[in-house]
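Notes to accompany the following structure.
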Amino acid sequence: MVRADPLESDTSKVPPSYRSAEPYFQYQWQNPSSFLGYGGLWILSIDLSLRVRYTYPWYEKRGSLWIEHVQQEAYEPCVNLLAGYRWRSNDNALSNTFTYVRLYWGINYHGQFRNLGNFPAVGVGVAYRP
């Protein structure tokens, strides 16, 4: 449920959500294989979900005017895909280093922007677990 502090905002602009569920499907696949002579671990993870797009308005500045855009609460599809590789160390054990690429498209996942759809994100990372 969306709530706003009446001292910080106009609560009439933040109506409560009437949807209490967000269905999703998650799957992770791992496959040890050889890559450039190293036997590491391929990882593919996918998350498909229907997330609630909230009804609070968003604003666009045109010249010196602010235009308010209002929309209805609705479910919107979201896709989160992560593909990565966990390396092997010199002693042939799986290393603590994991490199990955992440692709996301859907509702803006930052809470205060959950009213904005069609949000793309691309990331590349290296994770180290001591």
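The values are calculated or read from the model by the stated rules, or taken from the named source; none is laboratory data. Because the structure is predicted, anything quoted here is derived from the model rather than measured. Heads up, the Cβs are rebuilt from the backbone with ideal geometry, glycines too, and the neighbour counts pull from every protein chain shown.
Checking each residue in the range 57-92 for being charged (D, E, K, R) and touching a Leu at 6+ places or on another chain (Cβ under 8 Å) picks out Glu76, Arg86, Arg88.
Condition (residue is touching a helix residue (DSSP H, G or I) at 6+ places or on another chain (Cβ under 9 Å), among the aromatic types (Phe, Trp, Tyr) and at pLDDT below 90) applied to the range 57-71: is it met by at least one residue? Checking the range 57-71: at least one residue is touching a helix residue (DSSP H, G or I) at 6+ places or on another chain (Cβ under 9 Å), among the aromatic types (Phe, Trp, Tyr) and at pLDDT below 90. When the range 1-51 is filtered for residues that are modelled with pLDDT under 65 and assigned to a strand (DSSP E or B), the ones remaining, listed by number, are Ser34, Phe35, Tyr38. Selection of first residues in the range 71-93 that are without any contact (Cβ under 8 Å) to a residue 40 or more places away in the chain and of second residues that are charged (D, E, K, R) and surrounded by fewer than 14 Cβ atoms within 10 Å (Cβ to Cβ), restricted to Cβ pairs under 8 Å at least 6 apart or on distinct chains, gives an empty result. Looking only at the range 52-102, residues that are in a strand (DSSP E or B) and among the polar types (S, T, N, Q) come to 5 in all.
Checking the structure you have, find out if any residue of the range 96-111 is surrounded by fewer than 16 Cβ atoms within 10 Å (Cβ to Cβ), of a type in the set (A, V, I, L, M, F, W, C) and at pLDDT below 85. So far as the range 96-111 goes, no, none of its residues is surrounded by fewer than 16 Cβ atoms within 10 Å (Cβ to Cβ), of a type in the set (A, V, I, L, M, F, W, C) and at pLDDT below 85.
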